Amino acid sequence: MTSRVLLVSPASSPALRQARFYDGLGALDASGAARARAAADDLPRAERVVRSPGARCQETAVELGLAAAELPELAGLDAGRWRGRTLEEVGGAEPEAVMRWLTDPDSAPHGGESVRALCQRVGAWLESAREGARTLAVVEPDVVRAVVVHALALPPETFWRLDAAPLTVTELSGRSGRWNLRLGRPLGGDATPPPESGRSRTGQ
């Protein structure tokens, strides 16, 4: 039996546009909410609908017309004391710590969660989704990255080389102990790419 997991990244928000470490509180901006509403008819069907905790995934699900259950295990990477700050601010104050964080997947200089720990946590959820109904998950961009790293058995260092643009769908199909990946497509035929300055760094 083939299992299918569909990952929808949230619509744009001020935190994403500012390359800010997400703290779970920031809402969507007006254009992001409007694009989510416009994309609602383009959603794939699924029997089980879940989402990451946090305001922007919650609001994206609502704008898409989804009644999504919140799963703590789908939370984005915990950036510890860097939460709510921009990458530029942190890089200026703690350049060595930022470099360690970007090059060592076991490093967590912010006091939060390492990239490897995120990939392991999210990977455990993905394996639990292998059994049962088709799953649609509205999840943070860094959760999409971590799922792909786990599904394809990639080194965790590749986490920073993956991007998940707003309102895109990444589809995984699993069978016989392996996952196949269909790369993200924009919902509604349109998606706004995240800002170049931070899209591959803050996970936002």
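Can you give the net charge of the other residues whose Cβ lies under 9 Å from the Cβ of G84, counting K and R as +1 and D and E as -1? All intermediate terms of the calculation are to be shown ahead of the outcome.
Values: positive: R20, R83, R85; negative: D23.
Taking every other residue near G84 into account, the sum is +2.
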Karplus 3J(HN,Hα) series, Hz, for segment 149-156 with 6.51 cos²θ - 1.76 cosθ + 1.60 (x for Gly, Pro) = 4, 5, 4, 9, 6, 7, x, x
How high is the FRET efficiency between E94 and E131 when r is their beta carbon distance and R₀ equals 45 Å, given to the nearest 0.05?
-> 0.60
Determine ³J(HN,Hα), in whole Hz, for all residues of segment 19-33 in sequence, where each value follows from phi through the Karplus function 6.51 cos²θ - 1.76 cosθ + 1.60 and θ = phi - 60°; x replaces Gly and Pro.
-> 6, 9, 5, 6, 10, x, 9, x, 8, 5, 8, 4, 5, x, 4
What ³J(HN,Hα) values, in whole Hz, does the Karplus curve 6.51 cos²θ - 1.76 cosθ + 1.60 give for segment 94-106 when θ = phi - 60°, with x put for Gly and Pro?
-> 9, x, 5, 5, 5, 4, 4, 5, 7, 10, 10, x, 9
Net charge near L74: determine it from the other residues with C-beta under 14 Å of the C-beta of L74, scoring Lys and Arg +1 and Asp and Glu -1.
-> -2
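Rounded to the nearest 20 Debye, what is the dipole magnitude of segment 1-160 about its Cα centre when Lys and Arg each give +1 and Asp and Glu each give -1 at the C-beta?
Working: 18 positive and 22 negative charges, 75 e Å.
The calculated dipole for segment 1-160 is roughly 360 debye.
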Report relative contact order for the chain in percent, whole number only (criteria: Cα-Cα under 8 Å, sequence separation at least 6).
-> 32 percent
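Taking square-rooted eigenvalues a ≥ b ≥ c of the alpha carbon gyration tensor, is the chain rounded, prolate or oblate, where a/c under 1.5 means rounded and, failing that, a/b exceeding b/c means prolate?
Verdict is oblate for the chain.
Working out 0.36 nm times the residue gap between R83 and L183, then minus their Cα-Cα distance, what length gain in nm do you get to one decimal?
Working: separation 100, 0.36 × 100 = 36.00 nm, distance 2.87 nm.
Computed gain between R83 and L183 is 33.1 nm.
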Taking Cα centroids, how far is segment 77-114 from segment 135-174 in Å?
-> 20 Å
Mean ellipticity per residue at 222 nm, deg cm²/dmol - from DSSP H runs of n ≥ 4 across the chain, formula -39500 (n - 2.57) | -9000 deg cm²/dmol
Say R0 is 30 Å: what FRET efficiency, to the nearest 0.05, do Q120 and A30 get from their beta-carbon distance?
-> 0.25
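I want the local charge near S114. Using Cβ-Cβ distances under 11 Å, sum +1 for each Lys or Arg and -1 for each Asp or Glu among the other residues.
Numbers: positive: R100, R116, R121; negative: D78, D104, D106, E113.
For residues surrounding S114, the net value is -1.
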Tell me which residues come under 5 Å, amide H to amide H, from T168 once H is placed; ignore anything under 5 positions away on its chain.
-> S9, L187
Would you pull out the residues with amide H under 5 Å of R134's amide H, same chain only if 5 or more places away, H placed 1.01 Å from N?
-> E47, R48
Label point distance in nm, W160-A38, each placed 7 Å from Cα along Cα→Cβ = 3.5 nm
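None of the figures in this text is laboratory data; all of them are computed from the coordinates on show. Note that this is a predicted model, so its numbers are computed, not measured. Here the Cβ is made from the backbone with ideal geometry for all residues, glycine too, and neighbour counts use every protein chain on show.
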